[in-house]
Amino acid sequence: MDKPRHLIRLSDLSDNELEEVLELSQRQKRRSGGGRLDGRSVGMLFFRGSLRTRASLESAVQSLGAHAMNLTAMSDFWELEEREGSVMDGMAPEHIKDAAAVLSKYVDALAIRPAAQGASWDVDRRDERIRSWAKHSSVPVINMESAVWHPMQALADIMTLREHLGELRGAELAITWVHSPAPASAAVVHSLLHSALRFGMRVRLAHPKGFEIDGGVLDEAREIATASGGALEQMNSLQDAARGVRVVYARSWQSLESYGNPTLAASGRARAKDWTIHEDLLATGTEAKLMHAMPVRRNVEVTDEVLDGPRSMLVQQAGNRLPSTKALLMHFLRNA
């Protein structure tokens, strides 16, 4: 039997495939996409919390006539071991290879949101848990946000950017760090950065010193920019990043310098509390709009004035998770 296709990162789709999925996303949004997945089933496994991803995926599965099996670690099942050759005398009672093999007999696809260990970035950046599921599953595995990648969010983000900007090639996008007492992983930023550059956008990546993203992700981003004709500019000024752009994408993320050290991490964030999005900042852009993957901390990451005003595209962006997810499922399951 042929090995199944998986979606660990958005680059797992070729340029033609990505364009087809984006076009199908728009047709699904117009309710003219057609196609059904009657009789198919998708297993959803969450090892950490989710709101938009969980709700949009379950809604997408059901609206296409398929069945969603929704499981959550520590309530519906348990933690799983992913290390090859491990002596399983610890907390995990089951190995991913066994769970993946069995669940593959019950469903037509597996959507996984793994939990990072959170102690060492050198370990977490390998994304061993999601890759172990893909290695041992005989059905497609869809990544619902690992430590490094969030392809489903990136697809909705590109869909939203195209709706607002039209042609993306040459358009300017600011991706900027914002302060949060509980920062997210950089998976959303990694996926958006690569995707925007893939479409030839000119991206400004802004963050305080000490909050640089993964070097390997950056090196690949530069290669993508060279190949597509896009551009990547890094800066340590929120004001410079926002000036003149049409879209500002705000996101908190952890410092790799203090990864796994909560005390040191909190100290670093405390020195950058002024990194917040407000009306005066966006007014320096070119009719600038705001994007954010949510959840968003009001009046910490972004002010109420912006979130409740005409600049915010957050609800449109979150809404696009549904048609883009339906398109992904159609792509992976229609001919599986």
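Values quoted throughout were computed directly from the atomic coordinates according to the rules given, and no laboratory measurement underlies them. Just so you know, these numbers come straight off a predicted model, no measurement behind them. Here the Cβ is made from the backbone with ideal geometry for all residues, glycine too, and neighbour counts use every protein chain on show.
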Inset, instruction - Would you mind computing, in nm to one decimal, how far apart the modelled labels at GLU167 and ASN70 are, each placed 7 Å from Cα along Cα→Cβ? - result: 4.3
Legend entry - Residue with peak Gaussian network fluctuation, the chain [Cα springs, cutoff 10 Å], from LEU322, LEU13, LEU193: LEU13
Legend entry - Kirkwood hydrodynamic radius of the chain, Cα pairs, Å: 20.6
Legend entry - Per-pair calculated FRET efficiency, R0 = 30 Å: SER138 and ARG31 via Cβ, rounded to 0.05: 0.35
Legend entry - Dimensionless Rg over Rh [the stretch 151-319; C-alpha; Kirkwood]: 0.94
Legend entry - the stretch 175-220: relative contact order in percent, alpha carbon pairs under 8 Å with at least 6 residues between: 51
Inset, instruction - With only Lys, Arg, Asp and Glu charged, each at its Cβ (+1 for the first two, -1 for the last two), find how big the charge dipole of the chain is about the Cα centre; round to the nearest 20 debye. - result: 680
Legend entry - Cα-only radius of gyration and Dmax that characterise the stretch 54-130, units Å: 14.5, 43
Inset, instruction - Output the relative contact order of the chain, whole-number percent, from Cα pairs under 8 angstrom with separation of 6+ residues. - result: 20
Legend entry - Magnitude of the charge dipole, the stretch 1-87, Cβ model with Lys/Arg +1 and Asp/Glu -1, debye to 20: 500
Legend entry - Whole-Å distance, taken between Cα centres, linking the stretch 156-200 and the stretch 268-321: 13
Inset, instruction - Grab the Cα-Cα distance for SER14 and VAL102, subtract it from 0.36 nm times how many residues apart they are, and report the gain in nm with one decimal. - result: 28.7 nm
Inset, instruction - Order the peptides 94-107, 288-301 from the highest to the lowest mean number of other Cβ atoms within 10 Å of their residues. - result: 288-301, 94-107
Inset, instruction - Principal axes first, then extents: for the Cα atoms of the stretch 1-65, list largest minus smallest coordinate on each axis, whole Å, largest first. - result: 32, 29, 26
Legend entry - Spin-label pair ASP122/ARG48, simplified geometry with 7 Å Cα→Cβ offset, distance in nm: 2.1
